[in-house]
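Structure, as structure tokens:
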Amino acid sequence: MYEAIDIVTNELYGIDDWLKNCENRKEGLCRVCGEKIYIRADKSENTKTHFSHYRDSKCPTIEKNHRPFAHLNASELDLENGKIIKGKVAEHSFLIFEKCKGMAENLNAKEFRDLIDFATQKEVWNYKGLTFTYVPYILLTCREKFTKGERNYRKSDFYFVFDPNIKNVDELWNQSGKKQKLWKVDCKDNNVTEYSIDSALLPIWYEFTDEYIRNKFT
Ligand SMILES: [Zn+2]
């Protein structure tokens, strides 16, 4: 992991800025699990200085702690809402695919169909109170990991996790205080990429063009 929250300033720093700004502090907090992590400067030339969890950590960014699908439960189901969500998914499936692909590089259509099938098997659509906003993020957690494959389709394997403090995924929208984030964990170097859960379906790079055309025609 290459970022940590500084306890003194409460800022998130990448390792290089940390070394410049955080004096001699050797410990920060993991932004995923909130546990303490420490600076580790391995002698090996291949390993960059990074932050590491302590040995007894339960953080899901450590692959052996990752429990895929354990969160895919709901306290209650709502079949009526499920119908509405499924209708929207069917209507906007390509944009959902594109949004997922923006986080899971080189996501292919077959993988996307597998995500949909797995979510269907888990009855995700019927989780009470589910809104369309959460759909792409939940889908990305419907696969143990995305592998680079034999042809090095991706640079490395990765997987996605939600706030480790949630037991069932519906706590994200039913309980306050749960981090509205999804993290991608790179299996090779444990690098973590953070995504905020938002309702936008258009990629950021297209928003200007979308608005440009709307303003012209409406
Ligand atoms: Zn952690």
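A few comments on the model shown:
- Comparison of ILE116, ILE62, ILE84 shows that the only residue that is surrounded by 12 or more Cβ atoms within 10 Å (Cβ to Cβ), within 16 Å of the ligand (Cβ to nearest atom) and more than 19 Å from LEU172 (Cα to Cα) is ILE62.
- Test: SER75 is in contact (Cβ under 8 Å) with a residue 40 or more places away in the chain, farther than 15 Å from VAL135 by Cβ and hydroxyl-bearing (Ser, Thr, Tyr): yes
- Boolean, GLU144 is among the charged types (D, E, K, R) and surrounded by fewer than 16 Cβ atoms within 10 Å (Cβ to Cβ): yes
- Count of residues meeting criterion [in a strand (DSSP E or B) and surrounded by fewer than 16 Cβ atoms within 10 Å (Cβ to Cβ)] in the range 167-194: 2
- Long-range neighbours under 7 Å by Cβ, at least six apart or interchain, first residue in the same structural domain as PHE112 (by TED's automatic domain parsing) and on the phi < 0 side of the Ramachandran plot within the range 143-155, second exposed (fewer than 15 other Cβ atoms within 10 Å of the Cβ) and in a loop (DSSP other than H, G, I, E, B): LYS148/LYS155; LYS148/SER156; TYR153/ASN106; ARG154/GLU105; ARG154/ASN106
- Any hit, the range 38-51, residues being in a loop (DSSP other than H, G, I, E, B), within 16 Å of the ligand (Cβ to nearest atom) and either out of contact with any helix residue (DSSP H, G or I) (no Cβ under 7 Å at 6 or more places or on another chain) or among the basic types (Lys, Arg) (or both): no
- In the range 1-37, of all residues being assigned to a loop (DSSP other than H, G, I, E, B) and β-branched (Val, Ile, Thr), the one that is surrounded by the most Cβ atoms within 10 Å (Cβ to Cβ) corresponds to VAL32.
The values are calculated or read from the model by the stated rules, or taken from the named source; none is laboratory data. These figures come from a predicted structure and were not determined experimentally. So basically every Cβ, Gly included, is an ideal-geometry build from the backbone, and we count neighbours across all protein chains shown.
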